[in-house]
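Step one of this worksheet: look at the structure below.
Just so it is clear, none of the values below were taken in a lab; they were calculated from the coordinates. Note that the structure is predicted; figures quoted are calculated from it, not measured. No Cβ is skipped: glycine too gets one built from the backbone with ideal geometry, and neighbour counts run over all protein chains shown.
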Amino acid sequence: MAKIKLDIFRFDEATDTVPHRDEVTVDLPETTTVLDALEYAKAEVDGSISFRRSCRSAICGSCSMSIGGVTSLACKTSCGSAMEEDGSVKIDPMPNFQPMKDLVVHMDPFWDKYARLKPYLQPNDADSAHATERRVSPDDMKKLVDVANCIMCATCYSLCPVVSVDPAFAGPAAIAYAYRFIEDVRDGKRTDRLAQISEDYLWLCAHCYACSYCPKHVDPNDRIIDVKRATIKDRVMMNERGPRHALVVAKTIKQTGMLAETEVIQGTVGRFNIRGLLKVAPLGARMALKGKLPPPFLKPVPKVDEIRTIFDALEAPVR
Amino acid sequence: MSSTLLPEERALDAHVRTNSSKSKRYGFFPGCVAKESCKELFNSTMLLADKLGIELVELTAASCCGASVLNDTNRDVARVLNARTYAQAEALGLDDVITICSTCTGHMRAANKELRESEERMAHANAILGKFGANYKGTVTVRHLLWLLIDDIGLDALRSMVVRPLNGLKVAPFYGCHIIRPESVNGWESARHPHSLEDVIVALGGEAVDYAGKTRCCGFHVQLEKDGIASSMVGQNMRMAKDNGAEAVITPCPLCHLALDGYQADAAARWGRTDLPIFHLPQLVAYALGVPAEKLGLNKHLIDPREVMVSRDLIN
């Protein structure tokens with residue numbers, strides 16, 4: 001047994017203007033899950049501590065909260081693993097959400113973004129009472145099972161740095177779930193879905209892999225890349241900056257072996273997009289003053305033919 | 001601290017002792033940005049290598065690692081391009097490729113993991129490399145200079161090499177996503193609670209500043225996608241660093257450097273002025289080990305680090 005100090009964020013939107021913290025000490029083994037420790041504290045010490053929970057087995061996705069500064073499922077995290085040097089476990093509501101009461105947050109923005117992607121199968125058939133079974137091969141299904149494991153706990157959404165500065169971004173979970181239908185051979189709305197998710201800022205993903213902390217190994221980071229590749233393959237909304245950027249990067253690497261910074265900026269913003277270029281110009285001017293501008297043209301690396309051979313062998317798209 | 005991965009799911013080769021580390025002769029992959037807009041990083045790395053007594057053999061015919069963006073266009077091309085780079089290292093008798101960029105580290109390690117874990121993918125890559133007579137056997141380990149400093153040189157040895165301690169300069173570490181995440185690819189240390197940069201800062205005689213932004217994203221990869229997005233991410237993180245007492249920031253990633261150094265001015269309207277100078281990792285280590293400050297390219301930074309160095313009696 002150990003004395004575990006639960007350092008809990010307390011707030012009630014109905015009565016409080018500012019949050020405060022309560023420390024509740026419980027005498028439990030360090031292997032106790034944070035959820036069990038909270039349940040114990042609520043039952044034995046302070047019945048007013050509020051948190052969501054249901055299954056206690058990492059299946060329902062209710063008990064996600066910030067534990068020791070990182071969002072995790074309380075039922076899947078032991079107190080010992082999240083303990084500070086002074087024996088305390090810091091517990092907060094998920095970031096990127098509005099707190100409602102203690103560890104309970106308003107989940108609406110997260111659900112709204114799910115709803116926008118129409119998270120249900122929309123088959124091609126005109127007749128919805130279809131006569132035959134819709135068969136899916138094991139290989140086609142294999143692509144979907146990982147994403148189908150998503151329990152919508154919003155861990156990824158709460159850790160997403162893009163969501164934290166721009167709430168218009170769909171967020172990792174919604175894009176991963178879009179993938180689940182985009183790659184489903186039974187679905188008939190692939191193009192519409194790709195356009196919708198592009199509009200919801202698919203390309204604003206910052207490649208930071210914060211969503212690789214997924215407790216169910218859905219790893220939305222990899223599915224986001226899959227959806228981007230699908231938009232390029234199907235040529236959906238190709239004039240957005242995201243696909244332009246990816247393809248001009250590919251082009252400069254194929255031409256020179258290097259990512260040519262100057263050409264990438266021009267190619268992404270648009271060589272004739274004067275207003276867009278003017279917006280990047282002040283930073284460019286500041287860099288020029290420091291002798292920091294990347295060279296306008298790059299000399300190809302030695303044996304650049306080999307690099308072009310690789311691109312051609314893989315039929316890798318370039319702009 | 002907690003990890004979502006089981007121990008066996010973490011990358012296991014990050015701490016490996018390579019032949020290069022025994023001979024102190026390493027393959028060196030500087031990456032694109034250190035050769036283009038952050039030449040000061042390349043130069044200070046070479047000066048640091050001299051001080052450390054190691055030889056960095058530049059892989060001059062190497063291509064870009066793919067910079068995480070190439071994956072958005074094609075599933076295989078970044079992996080095969082990196083296989084070509086590793087084949088060049090093997091041909092030079094080197095089994096260790098050292099990077100000075102977090103993004104290069106993460107994406108080259110990811111490619112190497114994919115190749116080494118699947119005979120099918122290795123054969124696929126070698127079938128293409130065979131068109132120009134190259135072959136990758138799978139013997140290369142990719143590591144960042146930061147890991148080399150700690151595993152091969154050692155913090156105690158580093159401390160003993162310091163001739164100009166940082167006089168308690170309060171330095172905030174900024175890791176850069178791809179040197180820590182995903183743990184299944186990097187795995188050198190906990191992605192949630194890394195401490196390698198802090199350990200180096202302390203070894204150099206500085207004080208490490210803790211703040212929540214140290215493992216967050218600088219926004220570099222989306223700076224062009226939507227106006228104001230990268231500056232918001234930079235402002236948010238630098239605000240946290242400044243509020244926790246930082247006088248300067250250190251980063252092992254030139255992409256983070258470009259974003260943090262370049263966008264603090266734009267972020268000031270929303271996040272308040274922070275004006276934190278950003279050091280490349282090798283600059284600050286090289287300085288403490290005695291490389292003259294004027295050789296480190298500090299005049300190339302948009303936020304001049306020399307003012308804070310003067311205030312701590314590090315330079316005149």
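Listed values, structure above:
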item	result
Rg in Å to one decimal, and Dmax rounded to a whole Å, for the protein assembly as shown via C-alpha atoms	24.8, 84
Listed peptides A:168-179, A:288-299, B:16-27, A:219-230 by packing density, highest first (mean Cβ within 10 Å)	A:168-179, A:219-230, B:16-27, A:288-299
Dipole magnitude of chain A about its Cα centre (Cβ charges: Lys, Arg +1; Asp, Glu -1), debye to nearest 20	1720 debye
Per-residue average of Cβ from other chains inside 10 Å of B:297-306	2
Per-pair calculated FRET efficiency, R0 = 41 Å: A:Gln122 and A:Ala43 via Cβ, rounded to 0.05	0.35
Karplus 3J(HN,Hα) series, Hz, for the range B:98-108 with 6.51 cos²θ - 1.76 cosθ + 1.60 (x for Gly, Pro)	9, 10, 10, 8, 5, 5, 4, 4, x, 7, 6
Two-site label geometry, B:Glu9 and B:Leu155: point separation in nm, points 7 Å out along Cα→Cβ	2.8 nm
For the range A:34-48, 3J(HN,Hα) per residue [Karplus equation, 6.51 cos²θ - 1.76 cosθ + 1.60, θ = phi - 60°, Hz, x = Gly/Pro]	4, 5, 4, 5, 5, 4, 5, 4, 5, 6, 9, 10, 9, x, 8
Given charges at beta-carbon only (K, R positive; D, E negative), |dipole| of the range B:154-311 in Debye	100 debye
Magnitude of the charge dipole, the range B:7-145, Cβ model with Lys/Arg +1 and Asp/Glu -1, debye to 20	220 debye
Peptide-level mean, for B:185-191, of C-beta atoms on other protein chains within 10 Å	1
For B:Leu166, distant residues with modelled amide H under 5 Å away	B:Gly205, B:Gly206
5 angstrom amide H check on B:Ala172, placed H, neighbours 5+ away	B:Val209, B:Glu247, B:Ala248, B:Val249, B:Ile250
222 nm mean residue ellipticity, helices alone, for the protein assembly as shown (DSSP H n ≥ 4; -39,500 (n - 2.57); rounded to 500)	-12000 deg cm²/dmol
Nitroxide proxy distance, nm - points 7 Å out along Cα→Cβ at A:Lys142 and A:Ala168	4.0 nm
FRET efficiency for A:Arg308 and A:Glu84, using Cβ-Cβ distance with R0 set to 51 Å, rounded to 0.05	0.45
For the range B:135-228, with +1 on Lys and Arg beta carbons and -1 on Asp and Glu, the positive-most of B:Ala212, B:Val163, B:Val142 along the dipole	B:Val142
The range B:7-145, relative contact order [Cα under 8 Å, separation at least 6], %	30 percent
Separation between Cα centres of the range B:205-270 and the range B:34-56, rounded to whole Å	23 Å
FRET efficiency, A:Asp112 to A:Ile59 (Cβ-Cβ, R0 41 Å, nearest 0.05)	0.95
Across A:Lys143/A:Lys233; A:Lys228/A:Lys299; A:Lys233/A:Lys299, pairs whose alpha-carbon gap is larger than 25 Å	A:Lys228/A:Lys299; A:Lys233/A:Lys299
Cysteines, chain A, no other Cys beta-carbon under 4.7 Å	A:Cys63, A:Cys75, A:Cys79, A:Cys150, A:Cys153, A:Cys160, A:Cys205, A:Cys214
Calculated P(r) of the range B:7-145 - Cα pairs past 24 Å, %	27 percent
Peptide B:229-235 - average C-beta neighbours from other chains (10 Å radius)	4
When the range A:180-272 is reduced to its Cα atoms, the Kirkwood hydrodynamic radius in Å	14.6 Å
For the range B:154-311, convex hull volume per residue from C-alpha positions, Å³	107 Å³
Relative contact order [Cα under 8 Å, 6+ residues apart], chain A, whole percent	12 percent
Amide H within-cut-off set for B:Glu55, under 5 Å, with H built and near neighbours excluded	B:Arg25, B:Tyr26
The range B:88-203, relative contact order [Cα under 8 Å, separation at least 6], %	33 percent
Positive-pole candidate from A:Thr77, A:Thr25, A:Tyr40, dipole of the range A:9-99, charges at beta carbon	A:Thr77
Gain in span if fully extended, B:Glu307 to B:Arg273, counting 0.36 nm per residue against the direct Cα distance	10.6 nm
Cross-link reach list, lysines versus A:Lys42, counting only Cα pairs under 26 Å and skipping chain neighbours closer than eight places	A:Lys3, A:Lys5, A:Lys76, A:Lys90, A:Lys101
Leading residue at positive end of dipole, the range A:1-140 (Cβ point charges), from A:Met107, A:Ser50, A:Ala2	A:Met107
DSSP beta bridges in the protein assembly as shown [antiparallel fraction, %, rounded to 5]	50 percent
Choice from A:Leu204, A:Leu247, A:Leu283 with maximal GNM fluctuation in chain A (Cα, 10 Å cutoff)	A:Leu283
0 to 90° range, to nearest 10: angle between helix B:254-271 axis and chain B longest Cα axis	40 degrees
Backbone HN-Hα couplings from phi across the range A:194-205 [Karplus 6.51/-1.76/1.60, Hz, Gly and Pro as x]	5, 5, 4, 6, 5, 5, 8, 6, 3, 7, 8, 4
Inter-site label distance for B:Ser23 and A:Lys299 at 7 Å from Cα along Cβ, in nm	2.8 nm
Gain in span if fully extended, A:Arg21 to A:Arg186, counting 0.36 nm per residue against the direct Cα distance	54.4 nm
Two-decimal Rg/Rh across chain A, once Rg and the Kirkwood Rh are taken from alpha-carbon atoms	1.06
